[in-house]
Amino acid sequence: MRLEGKVAVITGGGSGIGAATARTFVREGAAVVIADIDEAAGEKVAAEVRESGGTIDLRVCDASRPEEIDALVAFALDRHGALDVLHNNHVAFESGRVGDLSLEGFRRSLDASLVAYWYATKVALVPMLAQGRGAIVNTASVSGLAGDYGLGAYNVLKAGVVNLSRVTAIEYARKGIRCNAVCPGPIGTPPIDRLHDAAPQTWEDIREAIPMGRYGRAEEIANAVLFLASDEASFVTGTHLVADGGLWAHSGMPPIGGLGHDF
Ligand SMILES: NC(=O)c1ccc[n+]([C@@H]2O[C@H](COP(=O)([O-])OP(=O)(O)OC[C@H]3O[C@@H](n4cnc5c(N)ncnc54)[C@H](O)[C@@H]3O)[C@@H](O)[C@H]2O)c1
C-alpha cells in the first residue's frame with residue numbers, strides 16, 4: 001500500500017476529485033480527514049468509506065475561514081498524532097468576463113480558493129516541520145496555466161495555486177517537505193454534470209476540444225494526487241502535474257486542412 005500509516009487531510013473531500021482522492025488514499029492505507037462545507041455530501045463519502053473498513057473522519061468546515069482550518073489541522077493531529085499529507089482541493093469562485101466581475105466576487109474567489117490554500121499550508125507546515133516530513137498537493141488546473149473565456153477570477157486564483165506550490169516547495173525542500181500541484185483538465189464531477197444539464201452544447205464543445213475526446217474521471221486525478229502524495233514522488237517537488245487528456249498540449253489551432261491528414 002502506497003500510503004500505509006500516513007495521515008491525510010483533504011479539503012473539498014465531499015464531492016468530485018476530493019471524494020475520489022479520499023477513497024484512493026484510504027484504499028492505499030491512509031487515515032483520512034475530509035473537510036467540506038457541505039455536511040450531507042461529506043457524510044455520504046465518509047459513511048461509504050467507513051463501510052468498506054477504511055479510517056475516515058468528516059469535519060464540516062468552511063476552509064476559507066482561518067479558525068476552521070486551525071481546528072481542522074488540530075483535529076487531525078489530536079486524532080492521529082501526525083499530519084503527513086495536506087491536499088488543498090476545494091474551490092469556490094465567481095465566473096464572468098474580466099470587466100464584468102464584481103470587486104466583492106473577485107476578492108471572495110481569491111480569498112476562498114487561494115488565500116485558504118496558503119493559510120492551510122501555513123498551519124500544516126507546523127506539524128510537518130516538527131515531524132521533518134510532509135507532502136502537500138494543491139489542486140490547481142490547466143486554467144492556472146492559460147486563460148479561459150469567462151473564468152478570469154478562476155484563472156488568476158489557479159495560477160496563484162501553481163506558484164504557491166513552487167515557493168512552498170523551494171522554501172521547505174531541505175526540511176523534508178514536498179509541495180506540488182495537480183492540474184486537471186475538464187473532469188466529470190458535479191460542476192461539469194451541471195454544465196451538461198444547463199448548456200449541453202458547451203459541454204459537447206469542451207469534450208470535442210480535448211484531444212482524447214472525453215472528459216477525465218475523478219479517479220484519474222486521484223491517481224495523480226496519490227503519486228505526488230506518496231514516497232514514490234520522493235524527488236518530485238515544486239512541479240505541476242497536468243492530467244487533461246492532452247488539452248493543454250494543444251496550441252488552439254484547428255486541424256490544418258489541405259495537407260491530406262485525418263485526425
Ligand atoms: N471538475 C473539473 O473539471 C476540474 C478541472 C480542473 C480543476 N478542478 C479543481 O478540482 C477541485 C475539485 O473540483 P471538483 O470538480 O471535484 O468540484 P466539486 O464541486 O465536485 O467538489 C468541490 C467540493 O468543495 C467543497 N467546498 C467548496 N467551498 C468550500 C469551502 N469553503 N470549504 C470547504 N469545502 C468547500 C464543496 O462543497 C464540494 O464538496 C477544485 O479545486 C477545482 O477547481 C476541477
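Where a number appears in this text, it was derived from the coordinates with a stated rule and is not lab data. Not measured: the values here are computed from a predicted model. So basically every Cβ, Gly included, is an ideal-geometry build from the backbone, and we count neighbours across all protein chains shown.
Among the residues of region 231-243, write down those that are closer than 10 Å to Val137 by Cβ and over 12 Å from the mean Cα position of the chain (by Cα).
We begin by selecting, within region 231-243, every residue closer than 10 Å to Val137 by Cβ; these are 233, 241.
The one that is closer than 10 Å to Val137 by Cβ and over 12 Å from the mean Cα position of the chain (by Cα): Ala233.
Would you point out the residue of region 107-138, among those that are under 17 Å from Ala30 (Cβ atoms) and not small (Gly, Ala, Ser), that is nearest to the ligand (Cβ to nearest atom)? Write out each step before concluding.
Let us first name the residues in region 107-138 that are under 17 Å from Ala30 (Cβ atoms), namely 124, 127-128, 131, 133-137.
Next, from what is left, pick out any that are not small (Gly, Ala, Ser): 127-128, 131, 133, 136-137.
Working: Pro127: 20, Met128: 21, Gln131: 25, Arg133: 25, Ile136: 14, Val137: 11 Å.
Restricting to residues being under 17 Å from Ala30 (Cβ atoms) and not small (Gly, Ala, Ser), the top hit is Val137.
Among the residues of region 186-202, those identified as within 21 Å of the chain's Cα centre (by Cα) and either over 26 Å from Ala8 (Cα atoms) or surrounded by 15 or more Cβ atoms within 10 Å (Cβ to Cβ) (or both) are Pro186, Ile187, Gly188, Thr189, Ile192, Asp193, Arg194, Leu195.
Could we say that Arg194 is away from the ligand (no atom under 14 Å from the Cβ) and either in a helix (DSSP H, G or I) or in contact with a helix residue (DSSP H, G or I) (Cβ under 6 Å, 6 or more places away or on another chain) (or both) here? Taking the combined requirement at face value, the residue does not satisfy it.
Is it true that some residue in region 246-254 is in a helix (DSSP H, G or I) and of a type outside the set (Phe, Trp, Tyr)?
Quick first cut of region 246-254, residues in a helix (DSSP H, G or I) only: 247-249.
Checking the rest, the ones that are also of a type outside the set (Phe, Trp, Tyr) come to 247, 249.
So far as region 246-254 goes, yes, one or more of its residues are in a helix (DSSP H, G or I) and of a type outside the set (Phe, Trp, Tyr).
Starting from residues that are over 11 Å from the mean Cα position of the chain (by Cα) and either among the hydrophobic types (A, V, I, L, M, F, W, C) or assigned to a strand (DSSP E or B) (or both), keep the ones in region 1-19 and report whichever is nearest to the ligand (Cβ to nearest atom). Top of the filtered list is Val9. Here Tyr215 meets each of (1) within 15 Å of the ligand (Cβ to nearest atom); (2) surrounded by fewer than 19 Cβ atoms within 10 Å (Cβ to Cβ); (3) more than 29 Å from Ala120 (Cα to Cα) with one exception, condition (2).
Is region 171-178 home to any residue that is over 24 Å from Arg107 (Cα atoms), in contact (Cβ under 8 Å) with a residue 40 or more places away in the chain, away from the ligand (no atom under 14 Å from the Cβ) and assigned to a loop (DSSP other than H, G, I, E, B)?
The first filter runs over region 171-178 and keeps only residues over 24 Å from Arg107 (Cα atoms), leaving 171-178.
Next, only the ones that are in contact (Cβ under 8 Å) with a residue 40 or more places away in the chain stay: 172-173, 175-178.
From what's left, away from the ligand (no atom under 14 Å from the Cβ): 172-173, 175-178.
Okay, now just the ones that are also assigned to a loop (DSSP other than H, G, I, E, B), so 176.
Within region 171-178, one or more residues are over 24 Å from Arg107 (Cα atoms), in contact (Cβ under 8 Å) with a residue 40 or more places away in the chain, away from the ligand (no atom under 14 Å from the Cβ) and assigned to a loop (DSSP other than H, G, I, E, B).
Applying a threshold of 8 Å to beta carbon distances and a minimum spacing of six or more residues, or different chains, the list of pairs starting in region 12-37 at a residue that is on the phi > 0 side of the Ramachandran plot and ending at one that is within 8 Å of the ligand (Cβ to nearest atom) and in a helix (DSSP H, G or I) reads Gly12/Gly18; Gly16/Pro190; Gly16/Pro191; Gly16/Ala218.
So, Val161, is that one near the ligand (Cβ under 10 Å from one of its atoms), within 26 Å of Ala22 (Cα to Cα) and surrounded by 15 or more Cβ atoms within 10 Å (Cβ to Cβ) or not? Considered against the rule, which asks whether it is near the ligand (Cβ under 10 Å from one of its atoms), within 26 Å of Ala22 (Cα to Cα) and surrounded by 15 or more Cβ atoms within 10 Å (Cβ to Cβ), Val161 comes out as yes.
State all residues of region 23-42 that are within 11 Å of the ligand (Cβ to nearest atom) and surrounded by 24 or more Cβ atoms within 10 Å (Cβ to Cβ); if no residue qualifies, say none. Spell out how you get there, then give the answer.
First, the residues of region 23-42 that are within 11 Å of the ligand (Cβ to nearest atom): 34-42.
Result: Ile34, Ala35, Asp36, Gly42.
A Cβ distance below 7 Å, combined with a sequence gap of six or more or placement on separate chains, defines the contacts here; from region 61-87, residues that are small (Gly, Ala, Ser) reach residues that are part of a loop (DSSP other than H, G, I, E, B) in the pairs Ala63/His90; Ala76/Leu83.
Please work out if Leu228 is in contact (Cβ under 8 Å) with a residue 12 or more places away in the chain, part of a strand (DSSP E or B) and not polar (S, T, N, Q). Full working, then the answer.
Numbers: in contact (Cβ under 8 Å) with a residue 12 or more places away in the chain: yes; part of a strand (DSSP E or B): no; not polar (S, T, N, Q): yes.
When the stated conditions are applied, Leu228 does not pass them.
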